[in-house]
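Trainee: One structure coming up, written as structure tokens, with questions to follow.
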Amino acid sequence: MTQRARFEDTLATLAAIFQERAVPHALMGGLAVAAWGAPRATEDIDLLADLSPSQELDAALRARDFEPEWRRGAPDDPIPLLLRLRSPSGPEIDVVCTTRAWEREMLSRSIRLRLSEGLEIPVVALEDLIVLKLMAGGPGDMADVADLLERAGPLPELEKRATARGVLELLRQVRASTGG
């Protein structure tokens, strides 16, 4: 099985678990960058989901060969609650659990995109993905932002969302460095 097929199979299985439990979720990170049309290699799957630890969820995950590990940070941590999933046959998965209203708003704005034949999944809106990448702030994230901005048409909500998350100046710097 190719790496792409493993990613798609893993993602489809996890999405089914979340859908069975009515857990709002959306793809973010490198696979979301690729879903929005910017070629991107990645080693893992990153999701945003409105969930919290539960024995029922852990049992459902284990039944499908995922090993859940819940990680709690401080309330002011950028990621106060993370679910890391490992599977013997798939990539590592990080599920950022929503703990703030603005994260839930991002989920409500997610858009279903077709990643491949037979796999359609919610993906964070392009403006939100750019904001999340700006907030992460690493060199790869900035390269993703530049690439996404170059490929995107008008993004009327981007500056408003960047302002709300405190990354407007960084957005302007990336735009200036790319001539946008």
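Trainee: If you check VAL145, VAL174, which single one turns out to be free of Cβ contacts under 8 Å to residues at least 40 places away in the same chain, open to solvent by less than 70 Å² (accessible area, probe 1.4 Å), closer than 21 Å to GLY30 by Cα and in a helix (DSSP H, G or I)?
Mentor: Answer to the check: VAL145.
Trainee: For segment 19-50, what are the residues that are over 13 Å from GLU8 (Cα atoms), small (Gly, Ala, Ser) and touching a strand residue (DSSP E or B) at 6+ places or on another chain (Cβ under 6 Å)?
Mentor: Hits for segment 19-50 are ALA26, GLY29, ALA49.
Trainee: Here's something else I'd like to know. Which ones in segment 35-55 are among the aliphatic types (A, V, I, L, M) and free of Cβ contacts under 8 Å to residues at least 24 places away in the same chain?
Mentor: ALA41 - this is the single residue of segment 35-55 that is among the aliphatic types (A, V, I, L, M) and free of Cβ contacts under 8 Å to residues at least 24 places away in the same chain.
Trainee: Something else about it: Do the conditions hold for GLU103, that is, is it closer than 22 Å to LEU14 by Cβ and not in a helix (DSSP H, G or I)?
Mentor: no
Trainee: Which of the helices (runs of 4 or more DSSP H) found entirely inside segment 1-92 contain at least 3 residues meeting this: open to solvent by 60 Å² or more (accessible area, probe 1.4 Å)?
Mentor: Answer list for segment 1-92: 3-20, 55-63.
Trainee: Further question: For segment 108-125, how many residues meet the condition of being open to solvent by 20 Å² or more (accessible area, probe 1.4 Å) and either of a type in the set (Phe, Trp, Tyr) or more than 26 Å from ALA5 (Cβ to Cβ) (or both)?
Mentor: So the answer is 2.
Trainee: Could you say which residue among ARG151, ARG114, ARG109, ARG104 is of a type in the set (Lys, Arg) and over 14 Å from ALA26 (Cα atoms)?
Mentor: Sole residue among the options that is of a type in the set (Lys, Arg) and over 14 Å from ALA26 (Cα atoms): ARG151.
Trainee: Could you give every pair whose Cβ atoms fall below 6 Å, whose first residue belongs to segment 107-122 and is assigned to a strand (DSSP E or B), and whose second residue is surrounded by fewer than 13 Cβ atoms within 10 Å (Cβ to Cβ) and not β-branched (Val, Ile, Thr), counting only separations of at least 6 or pairs across chains?
Mentor: GLU120/ARG112; GLU120/ARG114; PRO122/ARG112
The values are calculated or read from the model by the stated rules, or taken from the named source; none is laboratory data. Bear in mind that the values here come from a model prediction, so they are computed numbers and not experimental data. Heads up, the Cβs are rebuilt from the backbone with ideal geometry, glycines too, and the neighbour counts pull from every protein chain shown. The accessibility values were calculated without ligands, DNA or RNA, using every heavy atom of the protein model including side chains. Shrake-Rupley method; radii C 1.70, N 1.55, O 1.52, S 1.80 Å.
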